[in-house]
Structures are given as C-alpha cells and as structure tokens.
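Structure record follows, encoded as structure tokens.
The values are calculated or read from the model by the stated rules, or taken from the named source; none is laboratory data. Being a predicted model, the structure only gives us computed values, none of them experimental. Cβ coordinates were reconstructed from backbone atoms using ideal geometry, including for glycine residues, and neighbour counts include every protein chain displayed.
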Amino acid sequence: MRRFLLIGLSLLNFLIVFSQGISLRMDPILVTKNVQAGASFSYEIFLENGDEFDPVTLKVLVLDIVENLEGAYDLKEPGSTRYSIAKFVKVEPSVLTISPKETKIVRVTVNVPKNASGGLYGAIAFEIQSTEPTGERPAEEGAYGELEFKYRMASFLEVTVEGGRKVLTAFPSHFLVERSENVPSAKTLVGEGALVFTLGVLNKSNVHIVTKGTLTIKTSDGRTIAKMPLGGGRGVILPEATVNMRTITRRNLPPGEYVARAVVEYGSQRPIVVEKSFVISSEGIGGKEEKREEHPIMLVVDPMNLEIMTSPGAFRSETVKVTNLGKEEIQVTASVYPLLYDLYGEPVPKEERGVAPSWIEVTPVSFSLKPNQSRNVRVSVRVPKEFSGSYYADLMFRTEGNLQAEVGANLLVFAGKAESITKKASVDMTHQVMKGEGVYLDIVFENVGNYHLSPTFVFALDKVKPQTVTEEGLIVPEESQRLIQQDITTNYPVLPNTKRVYRVFIPMNLEPGTYNLLVRCDFGGENPVILRKTFQIEGSDGE
C-alpha cells in the first residue's frame, strides 16, 4: 500500500491522571510550525482540571527536549541543546490555579530571531505544585536525603525556519537482527520466537527529519522473500538524536543465509541504504553481532548531482569528493548503475536496473578512508559518436564489512547543444472525497521532454460561497474561502519519458457545498501548469 502525504495536523488532547488523584486534560500536546526567520506567532494551550473537588496549581516552564532511542521526548533544562527555542518563548501566566472542573488558557508567544535557520524545539511544561507545607513531609528513615518528585506534563513545540540554510543529513548508526526474547520491549508485545530488525538512524541535520523506512529480506542469492515497513509513528527524529526504527516479524525463515536491506527516506536527495547479512540456524541467529555503541557510518559524497554537458564522440571527466566523517577507517567500493525510479519516485533496487554503459567509468573503484579523510574519485565519460540526448547514471559508493552502507551521486550526461534541451511536461490530477475522512488527491506528472525535471507544486482547497441576494436587493457576488494551501517539493528528479505520481491526503470532514481543488506546477518550463477541479458535497451523504 502506498503512503500518502498527510497535509495538516489536527490538535491533539491529552488526559493525565497522577498518582495523587489529580486529573488534568491538556490540548494540544504538539504544535508544529513553519515560519520565516524574524517572524512571531502565538497560540493557546487549554488546561482542564477534571477533579470534582480539589483545585490544582501549576507552574509553567519553558524547557528543552531531547529524543531517546525509542523516539520519546525527554525534558531538559532550557538552553541545554543547540536547537533550543526556550529563550525565544514567552508564556502567560507563569503560574495558574485551576478550580475543580474548570478550564484555563495559557498563551504562548514565540519570537523567532532574524538569524535563525533550521529547526527550533522545546516544550511548555506544567509542573504541579505540592499543597504540602514545606518541611511537613518526613524523609524516609535511613535515607541519605529526601528525594523530591516533580509531576510534569508537557506540550511540545517543533518550529522549522523557512528560507534559511537547511541541512539534511542522516546516517545509519547500527543495524541489529535479534530474537524477540532478547529485546524486552518486543517480547512484551509479541512474546518469544519473532525476529526483530532494528536500524538506528542518527540525524546530523540542523532540523528534524521525518523518516519512512522499508525493510527487505533476501536470500543469499538475491531472491526477495519479504518486504515490510520499517519504523512507525510519526517517524520524527530531532537533530543530534539517534532513534531506533524497528520491524518485528513472526515469519518463520528456514535455516540459511540471508540479507536484510533497509531503505530510509528522510527528505534528502538520497535515502539511507544499509545491508546486513545474518544466518538462521537451529540454534538461533548466527553471524557476527553488531553492538549498538559502534560508531555510525558517516560517508558523504560531494556534489550529490554531477552534470556533464558534452558532444557525441567527445571525452569529459569530472571529480566527486568522498569523505569519511566517522571515527573508524572504512573500505569503499565504487560502481555505476543506471538511475531509475518507480512511479512513486522511489529508487528502483539496483538488482533490477540492469547494467550501465561501459563508456562511463569511475577511478579508483576501491579505496580506504581513515576518519575525516577525503578522496577525489574521477568520473570519466567517453560518449559514443552515435549517441545524443541524455543519459542518467547512479554513482554508488558502498562500504564493506558486516554493516554495508550505500551513498552516491546522480550523474547526468547530455550529449548535444544546449539549445536542443527541451523541458516539457504534462500534469493531471484525480481526486476522491471520502465521507468523514477527507480528500485523496493524486497529481500525475509526466516528463515529455529530453531533460530531467524537478517539479514543485502548490495546491489549495477552496470552499465556494455562491452569489446571494439580500432582502434589500443587494447582490453579494460569489467568493471563495481558502481552507488549506500547501507546497509540495520533490526529492528525486523526474527523468525523460517517465511519469511520477504524487499522492496527497487532506484530512478534513467537508460540509455540504461547492469546492475547488487547485494545483500549480512549476518545472523549469516557460510557463507553469495550473489545474482546477470543482466538486460538490451534497447534503450529509457525501459526494
């Protein structure tokens, strides 16, 4: 099943009952914003005391957050992280008392600095103030000191600064294959006898990433026997955090050698790709086990897109720099594959791409890199005299060892004159309105030119207010109310003579009336493509 791009985030509410009987409801527990540097915005947090008899007093704090291995947010002191938003946030009031069955509001104001970039994160925490007079609670007999417990609940804040320098970089930290009986959290869920695949992803970006992972299990001869999602939940990883993406399967694998391949997309031009070999025997899982504390594989390639403009029969060469940012020496092997994407923009597995032409070569094909060492790799292109137009290749660099990671660069070769480049596209859209769910939208983009395209989209949903006539005879013309507008950016280029489908879900229960769906597509051609479709919601029975 294909995933949809989910547009819009409904505000959640959270009910917490503390051990001393206090019952509080908070809404929202998460606020996400995309803002420009220097902008300000405000929002409100609603707090309801569910207790029938007793008031509750809360101290309002602005704290930092960090993310643990399991993807949960932990509260830290303000200013303790490099992406702290604490000093840019003001709350009012700072202390409040909520009477029984009463609801109160805390107003939050955020002033983003003009020099901000990337992501800023924090939490508005509510600390319950004890009603016991100081000194009336005796310390436990024999204790070295009295331990004070603080009861807190938090509304989290994630802010992405648009327009600034945005760096998206993530690396594999560890890749484990284990039995569920050896993973306490998995054992609690599924018991014993299941296989647990855990990929640790380290986010070295200056903003949070949203991950979408796929796990493929193959036999040693390359036959695919299982493919399943990797990870779950929102898939968000904060900067500097390492988070486990996990899949559990009860599929019984017969004894033999296998390869687990994980692919994680996170908004960069290239996904994280790692492979790990493992052995199933009657005694369990064999092979060399990888430890969680081992250093991540941090291999980067610059540039990630290499364009060579040349002529039929000519020879050209360029270089890419491969750098090891990790703390261990690694062995790297270079290779060239055709660059192919499927209908939904996901890279086709290299085993299904065929063979790249012999007139594209990389030198050297094998080399080692010590920590913080770089190596220039030469890419040579000798275009055949009979070839014209464009060709796309994938320059792949693969680490060797128990955990194998793949990184690379896209290579564009265009043989011919610049004025012969044609950028043309056709765009269409289909939609379906589901009662009580929202609108499902498919944007179909086809590259009908001879050069790769990187389309961007803006789509909007408007509700049409029909023309009316007042009692005084005044005509109020038809107008539209903008319900939602969103940009869609693409990670991977659309190659010539290929199609790409962008799937969008708008979670909105629409009232009866007339609506317009609008899509604008810019792709580098002379004029953008603008599409409009009108649909009607009749009564309460849906479309």
Pair list, Cβ < 8 Å and 6+ apart or interchain, from the stretch 216-227 residues that are farther than 21 Å from Ser281 by Cβ to residues that are assigned to a loop (DSSP other than H, G, I, E, B) and modelled with pLDDT under 90: Thr216/Pro349
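State which residue is surrounded by the most Cβ atoms within 10 Å (Cβ to Cβ) when the search covers only the stretch 56-73 and only residues that are in contact with a strand residue (DSSP E or B) (Cβ under 7 Å, 6 or more places away or on another chain) and under 20 Å from Val210 (Cβ atoms).
Ile65
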Selected residue (criterion: modelled with the lowest pLDDT) from residues of the stretch 277-304 that are farther than 13 Å from Glu178 by Cα, touching a Gly at 6+ places or on another chain (Cβ under 7 Å) and crowded, with 18+ Cβ neighbours inside 10 Å: Pro296
Please enumerate the residues belonging to the stretch 385-408 that are closer than 18 Å to Gly449 by Cα and in contact (Cβ under 8 Å) with a residue 60 or more places away in the chain. Phe387, Ser388, Gly389, Ser390, Tyr392
Residues of the stretch 377-426 classified as touching a Lys or Arg at 6+ places or on another chain (Cβ under 6 Å) and either exposed (fewer than 15 other Cβ atoms within 10 Å of the Cβ) or outside any strand (DSSP E or B) (or both), total: 1
Every residue in the stretch 491-543 that is among the basic types (Lys, Arg) and closer than 19 Å to Gln481 by Cβ, please. Arg520, Arg532, Lys533
Can you say whether Ile484 is over 25 Å from Pro271 (Cα atoms), hydrophobic (A, V, I, L, M, F, W, C) and modelled with pLDDT under 85, as far as the supplied structure shows? no
Among residues belonging to the stretch 222-250 that are touching a strand residue (DSSP E or B) at 6+ places or on another chain (Cβ under 9 Å) and loosely packed, with under 11 Cβ neighbours inside 10 Å, point out the one that is modelled with the lowest pLDDT. Gly222
Okay, strands (runs of 3 or more DSSP E) sitting entirely in the stretch 468-524 with 1 or more residues that are touching a helix residue (DSSP H, G or I) at 6+ places or on another chain (Cβ under 6 Å), I get none
Could you list, in sequence order, the residues of the stretch 341-362 that are surrounded by 14 or more Cβ atoms within 10 Å (Cβ to Cβ), in contact with a Ser or Thr (Cβ under 9 Å, 6 or more places away or on another chain) and on the phi < 0 side of the Ramachandran plot? Tyr341, Glu346, Pro349, Lys350, Ala356, Trp359, Ile360, Glu361, Val362
Taking Gly142 and the conditions (1) modelled with pLDDT under 85; (2) at negative phi; (3) more than 36 Å from the chain's Cα centre (by Cα), which numbered condition does it fall short on, given that it satisfies the others? (2)
Which pairs do you get when a residue that is free of Cβ contacts under 8 Å to residues at least 40 places away in the same chain, found in the stretch 182-206, comes within reach of a residue that is surrounded by 19 or more Cβ atoms within 10 Å (Cβ to Cβ) and part of a helix (DSSP H, G or I), reach meaning Cβ atoms under 8 angstrom, with the pair 6+ apart or on two chains? Lys187/Ser180; Gly191/Ser180; Glu192/Ser180
Of residues in the stretch 443-458 being within 20 Å of the chain's Cα centre (by Cα) and in a strand (DSSP E or B), the one surrounded by the most Cβ atoms within 10 Å (Cβ to Cβ): Phe457
Take the residues of the stretch 162-182 that are over 16 Å from the mean Cα position of the chain (by Cα) and surrounded by 19 or more Cβ atoms within 10 Å (Cβ to Cβ): which is modelled with the lowest pLDDT? Ser180
Selection from the stretch 498-534 of residues that are at pLDDT below 90, touching a Phe, Trp or Tyr at 6+ places or on another chain (Cβ under 9 Å) and more than 16 Å from Val433 (Cα to Cα): Gly524
Out of the residues in the stretch 251-260 meeting the condition of being part of a strand (DSSP E or B) and not charged (D, E, K, R), tell me which one is surrounded by the fewest Cβ atoms within 10 Å (Cβ to Cβ). Gly256
